[in-house]
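Reviewing the structure listed below.
The values are calculated or read from the model by the stated rules, or taken from the named source; none is laboratory data. Quantities reported herein were computed from a predicted structural model and do not represent experimental measurements. Cβ coordinates were reconstructed from backbone atoms using ideal geometry, including for glycine residues, and neighbour counts include every protein chain displayed.
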Amino acid sequence: MNTPKTIFQKIADKEIPAKLVHEDALCVAFHDVAPQAPIHILIVPRQLIVRVGEAQASDQALLGHLLRVAGQVARQQGLAKGFRLVINHGPDGGESVPHLHVHLLGGRALGWPPG
């Protein structure tokens, strides 16, 4: 059975336009359409991993790559004073798209606790 593509798969495949800030063979990064901070970028693997808690051992290098890209994008965005990375898991964790993605938030002081 063919599973419909997530919106993130469609963005990665360039079927839906997005304001890309990074693109490589493993992932894409783009500005969130509903930003929660002055800078809100999503880092999305091209390979579908539904959520971080379902990642396999074989996904380890890809997960590390997403974090490395997040740091690179943060530097490119001028977030030297700080930024936050968020990965939501499941409905109670705030997940809205069943495709692993890392939120990069910055551009202002971020409060704690976040939820």
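Give the residue that is farthest from the chain's Cα centre (by Cα), with candidates limited to residues of region 92-111 that are among the aliphatic types (A, V, I, L, M) and closer than 21 Å to Pro38 by Cα. It comes out as Ala109.
Do we find that His31 is in contact with a Lys or Arg (Cβ under 6 Å, 6 or more places away or on another chain) and under 19 Å from Arg108 (Cα atoms) in this structure? Yes, satisfied. As for region 72-85, it holds at least one residue that is free of Cβ contacts under 8 Å to residues at least 12 places away in the same chain, assigned to a helix (DSSP H, G or I), surrounded by fewer than 14 Cβ atoms within 10 Å (Cβ to Cβ) and out of contact with any strand residue (DSSP E or B) (no Cβ under 6 Å at 6 or more places or on another chain). For Ala25, the stated conditions hold: it is outside any strand (DSSP E or B) and either within 20 Å of Leu105 (Cα to Cα) or at pLDDT 95 or above (or both). Quick one: which of Val33, Val44 is β-branched (Val, Ile, Thr), under 14 Å from the mean Cα position of the chain (by Cα) and part of a strand (DSSP E or B)? Every option except Val44 fails the conditions. If the condition is being hydrophobic (A, V, I, L, M, F, W, C), out of contact with any strand residue (DSSP E or B) (no Cβ under 7 Å at 6 or more places or on another chain) and loosely packed, with under 15 Cβ neighbours inside 10 Å, then region 1-49 contributes Met1, Ile16, Ala25, Val33, Ala34.
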